[in-house]
Amino acid sequence: AIHLDFPARLMTNKLDLSLSSCEPVQKIDWAKLHETITTEPITDLKLAWNEIGDDGARRLATAFESGKCSPTYLNLRVRPRSGNKITDGGMYHIATAIASGKCSLTSLNLIEHQIGVDGARHIATAIE
């Protein structure tokens, strides 16, 4: 049973919380999202156009490290001129979740984020 206060589309094992490029950014209720993705068998999680930033990356990583959340596809694409992008700091949290062995991500969309050399190294080390 999915009960989220923001626009959500749930199809078989796929949770799409993506916004269109013309929709206003909405605040994600992280507690509800964490509950949903750790209790439902979600394999595809789409948060495109949401401006989750490093704090959101940390929160997602916490859910992934719980061992109760198993998406294989994560779409975090952000608007080109967004001011709340994932940086190297947020990539550290995602990489830590991947390296934990409890996260089953195989595909990660990070288009338009501000990930530098350090963030790329975090991910490269995690997937070695």
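The values are calculated or read from the model by the stated rules, or taken from the named source; none is laboratory data. All of these numbers come straight from a predicted model, not from anything done at the bench. Please note: Cβ atoms are built from the backbone with ideal geometry, for glycine as well, and neighbour counts cover all protein chains shown. Ligands, DNA and RNA are stripped out before the accessible areas are found, and what is left, the full protein with its side chains, is counted by its heavy atoms. Shrake-Rupley method; radii C 1.70, N 1.55, O 1.52, S 1.80 Å.
As for the range 74-85, it holds no residue that is within 17 Å of N13 (Cβ to Cβ) and more than 14 Å from the chain's Cα centre (by Cα). Tell me which residues, restricted to the range 80-94, are in contact with an Asp or Glu (Cβ under 8 Å, 6 or more places away or on another chain) and of a type in the set (A, V, I, L, M). Once the filter is applied, which keeps residues that are in contact with an Asp or Glu (Cβ under 8 Å, 6 or more places away or on another chain) and of a type in the set (A, V, I, L, M), the range 80-94 yields I86, M91.
Do we have H34 as open to solvent by 10 Å² or more (accessible area, probe 1.4 Å), assigned to a helix (DSSP H, G or I), in contact with a Phe, Trp or Tyr (Cβ under 6 Å, 6 or more places away or on another chain) and without any contact (Cβ under 8 Å) to a residue 60 or more places away in the chain here?
no
In the range 37-74, the qualifying residues are those that are at pLDDT below 85 and more than 23 Å from G101 (Cβ to Cβ), and the one that is surrounded by the fewest Cβ atoms within 10 Å (Cβ to Cβ) is E51. Could you check, for the range 84-95, whether at least one of its residues is surrounded by fewer than 17 Cβ atoms within 10 Å (Cβ to Cβ) and either among the basic types (K, R) or in contact with a strand residue (DSSP E or B) (Cβ under 7 Å, 6 or more places away or on another chain) (or both)? Within the range 84-95 (the criterion being surrounded by fewer than 17 Cβ atoms within 10 Å (Cβ to Cβ) and either among the basic types (K, R) or in contact with a strand residue (DSSP E or B) (Cβ under 7 Å, 6 or more places away or on another chain) (or both)), the answer is no, since none of the residues qualifies.
Within the range 28-48, the set of residues being within 11 Å of the chain's Cα centre (by Cα) and among the charged types (D, E, K, R) comprises D44, K46.
Here's the yes/no breakdown for (1) assigned to a loop (DSSP other than H, G, I, E, B); (2) among the hydroxyl-bearing types (S, T, Y); (3) at positive phi; (4) in contact with a helix residue (DSSP H, G or I) (Cβ under 6 Å, 6 or more places away or on another chain):
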| position | (1), (2), (3), (4) |
| --- | --- |
| P71 | yes, no, no, no |
| L74 | no, no, no, no |
| I94 | no, no, no, yes |
| A97 | no, no, no, yes |
| R121 | no, no, no, no |
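Would it be correct to say that R77 is at pLDDT 85 or above and either out of contact with any Asp or Glu (no Cβ under 9 Å at 6 or more places or on another chain) or among the small types (G, A, S) (or both)? No, not satisfied. When K102 is tested against (1) in a loop (DSSP other than H, G, I, E, B); (2) in contact with a helix residue (DSSP H, G or I) (Cβ under 9 Å, 6 or more places away or on another chain); (3) modelled with pLDDT of 80 or more; (4) surrounded by 16 or more Cβ atoms within 10 Å (Cβ to Cβ), only condition (4) is not met. Filtering the range 59-68 for residues that are of a type in the set (S, T, N, Q) and more than 17 Å from K14 (Cβ to Cβ) leaves a non-empty set.
Right, I111: open to solvent by less than 50 Å² (accessible area, probe 1.4 Å), of a type in the set (V, I, T), out of contact with any Asp or Glu (no Cβ under 9 Å at 6 or more places or on another chain) and assigned to a loop (DSSP other than H, G, I, E, B) or not?
Working: open to solvent by less than 50 Å² (accessible area, probe 1.4 Å): no; of a type in the set (V, I, T): yes; out of contact with any Asp or Glu (no Cβ under 9 Å at 6 or more places or on another chain): yes; assigned to a loop (DSSP other than H, G, I, E, B): yes.
Criteria not met by I111.
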